[in-house]
Structure formats: C-alpha cells, structure tokens
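The values are calculated or read from the model by the stated rules, or taken from the named source; none is laboratory data. Model, not experiment: these values are computed from the prediction. Methodologically, a virtual Cβ is constructed for each residue, glycine included, from the backbone with ideal geometry; neighbour enumeration extends over all protein chains shown. These area figures cover heavy atoms from the full protein model, side chains too; ligands, DNA and RNA do not enter into them. Shrake-Rupley method; radii C 1.70, N 1.55, O 1.52, S 1.80 Å.
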Amino acid sequence: MLDGQIARRTKTQSKLGQIADSEADFCLYLAITLILIQNNVLPSWLGVVMLLRFLIPLLAALASYFLFAQPVHFGSTTWGKYAGLAQCLYLLVLLAPGQLSFFTKPVNLPLLIATLILLIVAPLAQIIENIPKGARA
C-alpha cells in the first residue's frame with residue numbers, strides 16, 4: 001500500500017509504475033479475497049463487493065472509451081486511497097491470529113461498515129472524476 005508514496009518521496013516513480021501499481025493491488029486483493037472466501041473466513045457477498053471496487057471503474061472506463069469515444073483518466077482518488085486502507089485493515093483483522101481476538105473482535109464490525117461505505121463511494125468518485133466538467137453542472 002505504501003509503495004506509491006515511497007516512490008513519490010524518493011522520486012523514483014514512473015508511468016509504468018503508476019499503471020502497474022493498480023494492477024498489482026488488484027491481484028493482491030483478488031488473491032487474498034479468494035483465499036479468505038475459500039477458507040470460509042470472508043462471506044462471498046463481501047468478497048464480491050471488494051472486487052467490484054476495481055471492476056466498476058474498469059467497466060465504466062471501457063464503456064466511456066468504446067461507447068462514447070471519451071478519453072478516460074486513470075488515477076487514484078482520495079476516496080480510493082481511503083477505501084484501500086480500510087480494505088487492507090479489514091483483511092488484516094480477518095487474518096490476525098486468534099491470540100489477538102481481544103483486539104480484532106471489537107473493531108471487526110465498525111471496520112467492516114466503514115470499509116463497505118468506502119468501497120461504494122470509491123468507484124463512484126472515480127466515475128465522477130471522469131465525467132467532463134461541463135456535464136456535471
């Protein structure tokens with residue numbers, strides 16, 4: 001999660017890194033989500049919501065490009081960063097060993113609610129970011 005910030009601070013970022021970062025995040029979240037679903041730690045419906053965070057903006061971008069011939073701006077939004085952080089923290093809570101249940105149990109539900117809200121808001125923010133400014137008014 002911190003690789004982009006580290007690259008910017010050390011001035012080692014590249015266009016390829018910016019593109020690959022989102023893809024790597026998607027692959028990591030996909031793998032962890034599928035493993036947690038398979039092991040009955042994460043409900044399937046929640047896994048679908050987590051994956052839709054990545055798929056909705058992608059489908060909207062493809063529709064914009066192919067149906068409306070509009071260029072698509074791919075980039076992170078503040079909401080997307082918050083959603084990624086919340087999702088990461090929630091997955092860490094689920095992956096925490098049983099000895100930490102005194103900490104994970106009380107934060108599980110509030111973190112789940114915050115994560116769900118942010119997972120809905122983040123794709124919407126990405127789509128709104130791509131609506132031409134004149135069309136928003």
| message | Restricting to the range 84-107, give me the number of residues that are part of a helix (DSSP H, G or I) and either hydroxyl-bearing (Ser, Thr, Tyr) or open to solvent by less than 50 Å² (accessible area, probe 1.4 Å) (or both). | response | 11
| Residue identified as in a helix (DSSP H, G or I) and open to solvent by 40 Å² or more (accessible area, probe 1.4 Å) among Leu34, Leu46, Leu51 | Leu34
| With Ala63, Ala7, Ala24 as the choices, which residue is part of a helix (DSSP H, G or I), under 24 Å from Val121 (Cβ atoms) and in contact with a helix residue (DSSP H, G or I) (Cβ under 9 Å, 6 or more places away or on another chain)? | Ala24
| task | Go through (1) of a type in the set (Ser, Thr, Tyr); (2) part of a loop (DSSP other than H, G, I, E, B); (3) open to solvent by less than 40 Å² (accessible area, probe 1.4 Å) one by one and return the number of the condition Thr12 breaks. | result | (3)
| query | Of the residues that make up the range 67-74, is at least one part of a helix (DSSP H, G or I) and either free of Cβ contacts under 8 Å to residues at least 24 places away in the same chain or more than 24 Å from Asp3 (Cα to Cα) (or both)? | reply | yes
| Considering only the range 1-27, how many residues are hydroxyl-bearing (Ser, Thr, Tyr) and modelled with pLDDT under 80? | 1
